[in-house]
Amino acid sequence: MRVAVDIGGTFTDAVVIDDDGNTNTAKALTTPDQLYDGVLSALDQLGIDWTQLDSITNGTTAGLNAFLERRGARVALLTTRGFRDVYELGRANRPDMYNVRYRPPTPLVPRRSIYEVDERMAPDGSVVLELQEEAIRDMAPRLARDYDAVAICFLHSYANPAHEHRVAELLRSADGALSVVCSSDIAPEWREYERTSTTAIAAYVAPIVGSYLEELEICTSERGMRGSLRVMQSNGGVMSAGSARRKPIQTLFSGPVGGTMACLSVADDLIEETAASRLICVDMGGTSFDMSLVVDGRADVELEAELQRHPVLAPTVAIHTIGAGGGSIGHTAGGGLRVGPRSAGAVPGPACYGSGGTEPTITDANLHLGRLPGSTRLAGGIALDKAAAQQSLTAVAESLGMDELGLAAGMVAVADSTMANAIREITVMRGIDPRDFILVAFGGAGPLHATSLADELDLATVVVPVNPGVLSAYGMLQTDTRHDAVQSFYVRVAELTDEALEAALSDLEERARLMVKEDGFDDQAITLEPSADLRYSGQEYTVTLPLDTSRGMKALIEGIPDQFAEAHDVRYGHSNPGEAVEFVNLRMAAFGGMTRPRPQALPTGDAPAPSAIERTWFGDTWFDTPVYQRSELPAAAELAGPAIVLEDACTTLVPPTWTARVSGHGHLVLNRS
């Protein structure tokens, strides 16, 4: 058996799958103070035999939460003498040009904790000034005493990492408990500020991530587990816990990425049934609303991301997140109604949880509107208190001069509008027509709001996949091990020889293979995808092209200018044929293939009689709405709205103007009627 766990802001989800494709799911409240307590609680609910577990894959928020809450490690930054201010100066660009209150991001490492080192590399990797090792030995005791982690970012270390690695060796020999992160290991790319920022963030979260994984390994071992602990990565792959300790920067977005990777499997199913290959994936949980795109069976991966305006040089599945979830709180501001981004979280949670919450949330509003049936049981069997939900709505409703029903409908409408606008940011604002896509909704609250989002965006089809409430965890079980290697490679295409490119790719391939082998895979299970960052000569930013080496290096090099011009035109709307094109970086993605048992096929039949009738508010009137158990719906079953479909970790709402059909793979396909 294999298990995956996704830690959200409100709930921790767990999924177990065996070799025959049988699955079981569980939810537990997240425990912010000790994340592994919530993980263990969810795992215990699965009732698994710990000795039979092959692996546990974890989507951890330990590093991300430490960064967002600014409670990471005390970090010292070592840099080449004369470049102490690179991190604080950053870039001169203003992303919000007309915002007179704009402030650049506050560095994670204050200037007093930045130390200059006598050493220097040239851009080609040759040594300009030898490392003064004695100064490092003298500095080591003070760094170990005053700091938890050290970030090392020397000039041009992407071309030659020798000095960084030697300093790391000296510091670790002085104090083995000191966490040391080298820029040449996690971001061996040009652009000093971005590389320094990435290294500083990695060092800032490294002790937190390492401590969490160590504690989780101890707890699972005590329960009898003999398999491996794996971690979901921001790039859409998984890695061993040991690799995660060395590359903590890749754990920052590991939770939401699992849902996107699960949607790749959904896309395969939909292609078989509907020929649809473009998906807008939305994950609405208790705290946040995450969006991503799947196009032609591939997730949208960015090579550079931003975290609260701090640049991160690491391959990351492009996910846009806003503070809108089932726990988002409704409140007044400026005489009007606002919803979120503040959330009730897991503690105290929405008022209807009966755990001390008093402010109205989206969950309370849906319960009051009858869209969330009162018989629903949430994570761990939490019963919902309708009276508490109504009471939480009363105070805000009175302040706005309306009743509880009007406030509840208004809160849902405001939240839906906010989420629809966020989807427009990743589609319309990028020149993408969302009407060409199918909306895939998951998370505990996503299927409740999916059709409203589709109505706002003029989408005709919504898909609620199998196990939507725990889909992010399920996606981690469908994901290959992945490691990325990158190397600076600055040369014009016209001046590049076949031998030079082949030698550089061969070296990069060897490094990437080694990382995957360290996670337990042999050569037969490893696949490689080379690519390159290219630009027109004199440009600042690049376009990444896949490299097809099957035709030989000569044909590859000859075809690059035309391929680049085409890709540049798609990305920026123009190109300059005939202009000199140059390489900036070479990249190699290495994958260790995982077996994926397919879920068992559903029997075919008609929809059964509803298990209950719920009084539900749609538009401006109440409807008697049939309630169905999803586990009782066979393939090809059709439901006419209004209807509610219940399952252990999720509720799907089918409004009066929509219909639902169960696909052959068990997905709910909703269409506007």
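The values are calculated or read from the model by the stated rules, or taken from the named source; none is laboratory data. These figures come from a predicted structure and were not determined experimentally. Note that each Cβ is placed from the backbone with ideal geometry, even for glycine, and that neighbours are counted across all protein chains shown. Just the protein is used for accessible areas: all its heavy atoms, side chains included, with ligands, DNA and RNA removed. Shrake-Rupley method; radii C 1.70, N 1.55, O 1.52, S 1.80 Å.
Values for this structure:
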{"item": "Looking only at the stretch 347-369, and only at residues there that are open to solvent by 10 Å² or more (accessible area, probe 1.4 Å) and part of a loop (DSSP other than H, G, I, E, B), the one that is nearest to residue 410 (Cα to Cα)", "result": "359"}
{"item": "Cβ pairs under 8 Å, 6+ apart, first in the stretch 537-565 and without any contact (Cβ under 8 Å) to a residue 40 or more places away in the chain, second surrounded by 15 or more Cβ atoms within 10 Å (Cβ to Cβ) and part of a helix (DSSP H, G or I)", "result": "543/564; 543/567; 543/568; 545/560; 545/563; 545/564; 545/567; 548/556"}
{"item": "Unique residue being out of contact with any Lys or Arg (no Cβ under 6 Å at 6 or more places or on another chain) and open to solvent by 10 Å² or more (accessible area, probe 1.4 Å) when the list is 92, 14, 42, 66", "result": "92"}
{"item": "Number of positions in the stretch 624-647 that are surrounded by fewer than 18 Cβ atoms within 10 Å (Cβ to Cβ) and either basic (Lys, Arg) or touching a residue at least 24 places away in the same chain (Cβ under 8 Å) (or both)", "result": "6"}
{"item": "Selection status of residue 509, under 30 Å from residue 55 (Cα atoms) and open to solvent by 70 Å² or more (accessible area, probe 1.4 Å)", "result": "no"}
{"item": "Check on residue 51, in contact (Cβ under 8 Å) with a residue 60 or more places away in the chain, under 30 Å from residue 226 (Cα atoms) and surrounded by 21 or more Cβ atoms within 10 Å (Cβ to Cβ)", "result": "no"}
{"item": "Residue 43, sole failed condition from (1) assigned to a loop (DSSP other than H, G, I, E, B); (2) within 28 Å of residue 240 (Cβ to Cβ); (3) among the aliphatic types (A, V, I, L, M)", "result": "(1)"}
{"item": "Residue satisfying condition, being within 29 Å of residue 287 (Cα to Cα) and modelled with pLDDT of 85 or more, within set 107, 95, 123, 32", "result": "107"}
{"item": "Residue in the stretch 375-387 that is among the basic types (Lys, Arg) and over 22 Å from residue 13 (Cα atoms) present", "result": "yes"}
{"item": "Filtered residue count, the stretch 303-315, keeping only those that are under 23 Å from residue 106 (Cα atoms) and touching a helix residue (DSSP H, G or I) at 6+ places or on another chain (Cβ under 9 Å)", "result": "8"}
{"item": "Answer from 72, 9, 82 - the residue that is over 21 Å from residue 227 (Cβ atoms), touching a residue at least 12 places away in the same chain (Cβ under 8 Å), in contact with a Ser or Thr (Cβ under 6 Å, 6 or more places away or on another chain) and part of a loop (DSSP other than H, G, I, E, B)", "result": "9"}
{"item": "Residue within the stretch 554-563 that is surrounded by 13 or more Cβ atoms within 10 Å (Cβ to Cβ) and at pLDDT below 90 present", "result": "no"}
{"item": "Any hit, the stretch 594-606, residues being under 30 Å from residue 19 (Cβ atoms), buried (at least 17 other Cβ atoms within 10 Å of the Cβ) and in contact with an Asp or Glu (Cβ under 9 Å, 6 or more places away or on another chain)", "result": "yes"}
{"item": "Single residue of the stretch 537-575 satisfying the filter (on the phi < 0 side of the Ramachandran plot and among the small types (Gly, Ala, Ser)) that is farthest from the chain's Cα centre (by Cα)", "result": "555"}
{"item": "Lone unmet requirement of (1) of a type outside the set (Asp, Glu); (2) assigned to a strand (DSSP E or B); (3) within 24 Å of residue 489 (Cα to Cα); (4) under 35 Å from the mean Cα position of the chain (by Cα) for residue 166", "result": "(2)"}
{"item": "So residue 514, is it without any contact (Cβ under 8 Å) to a residue 24 or more places away in the chain, among the aliphatic types (A, V, I, L, M) and open to solvent by 80 Å² or more (accessible area, probe 1.4 Å)", "result": "yes"}
{"item": "Residues of the stretch 252-288 satisfying the condition of being open to solvent by less than 10 Å² (accessible area, probe 1.4 Å), within 26 Å of residue 310 (Cα to Cα) and modelled with pLDDT under 85", "result": "254, 255"}
{"item": "Residue match in the stretch 510-530 (condition: over 20 Å from residue 233 (Cβ atoms) and in contact with a strand residue (DSSP E or B) (Cβ under 7 Å, 6 or more places away or on another chain))", "result": "no"}
